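Okay, structure first, notes after.
None of the figures in this text is laboratory data; all of them are computed from the coordinates on show. Remember, predicted model here, so these are calculated numbers, not experimental data. Reconstructed Cβ throughout: ideal geometry from the backbone, glycine too, with neighbour counts over all protein chains shown.
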Amino acid sequence: MNSRPFTLAPLLIMALLAGLTYWLNQFILADGKPRAMRHDPDYIISNFNVRRFDSNGQLQHSLIADKMTHYPDDDTSIVVNPHLINHRQPQTDIFAQQALVGKESKEVDFINDVRVVRQGTAAKPIATVMETRLLKVFPDDETAYTLTPATITQGKSVVQGSHLEVNNKTGISVLHGRVTGTLYRN
């Protein structure tokens with residue numbers, strides 16, 4: 001018997017696999033460049049509430065919204081009518097028409113009609129409200145900033161500036177640029 005065809009079979013299978021691999025590589029690479037992934041959503045969620053806890057199991061912050069659309073190509077999500085709640089005392093709430101959540105939720109861009117409400121305390125029972133058009137928030141660090149004009153209101157007192165930095169841990173907000181305001185005493 002002739003065993004030559006049986007010895008060539010593995011070589012033919014290897015050649016076929018090499019050719020298939022080359023064809024798939026050429027299919028994926030167009031002109032030597034990787035093809036861009038399409039910016040199509042992989043999932044859409046309606047009426048959701050996401051909670052994040054710290055390493056001790058304490059509730060850190062929550063994100064509630066009407067709708068979220070996630071895009072796998074850049075791992076971002078577009079959120080409609082977001083409401084971010086920071087549960088540190090005093091509680092801080094952030095509202096907007098839309099938000100863009102970046103990779104791993106490390107930063108959130110709140111867009112259009114952004115309103116930040118820092119609840120009052122026993123020492124200062126009046127809530128502080130900050131309004132702007134855009135706000136970049138870093139939820140884990142509890143910091144935020146905007147390069148657009150911002151207005152801070154506490155009771156009848158109103159202060160405005162060209163851009164703003166906020167640190168929720170310290171409770172300090174810093175307005176930059178030309179700052180104007182009207183302050184009322186108790």
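Annotations for the structure displayed:
- Net charge, residue 79 excluded, C-beta distance under 9 Å - Lys, Arg +1, Asp, Glu -1: 0
- In nm, spacing of pseudo-spin labels at residue 69 and residue 13 (7 Å Cα→C-beta vector): 4.7
- Non-local lysine pairs in the chain, meaning eight or more places apart or on different chains, with alpha-carbon distances under 22 Å, amount to 9.
- Dipole magnitude of the chain about its Cα centre (Cβ charges: Lys, Arg +1; Asp, Glu -1), debye to nearest 20: 380
- Placing R0 at 35 angstrom, the Cβ-Cβ distance between residue 147 and residue 25 gives a FRET efficiency of 0.20 after rounding to 0.05.
- With Cα atoms, 0 to 90° folded angle of helix 4-28 axis to the chain main axis: 30
- In the chain, the convex hull through the Cα atoms has an average projected area of 18.8 nm², a quarter of its surface area.
- Note: relative contact order over the stretch 94-179, using C-alpha pairs below 8 Å and six or more positions apart, is 19 percent.
- Here r is the Cβ-Cβ distance between residue 178 and residue 156 and R0 is 30 Å; the resulting FRET efficiency, rounded to 0.05, is 0.90.
- Orientation-averaged projection of the stretch 107-174 equals 4.5 nm² [convex hull of Cα atoms, one quarter of hull surface area].
- Cα lying deepest toward the dipole's positive end in the stretch 15-148, options 47, 126, 18, charges on Cβ: 126
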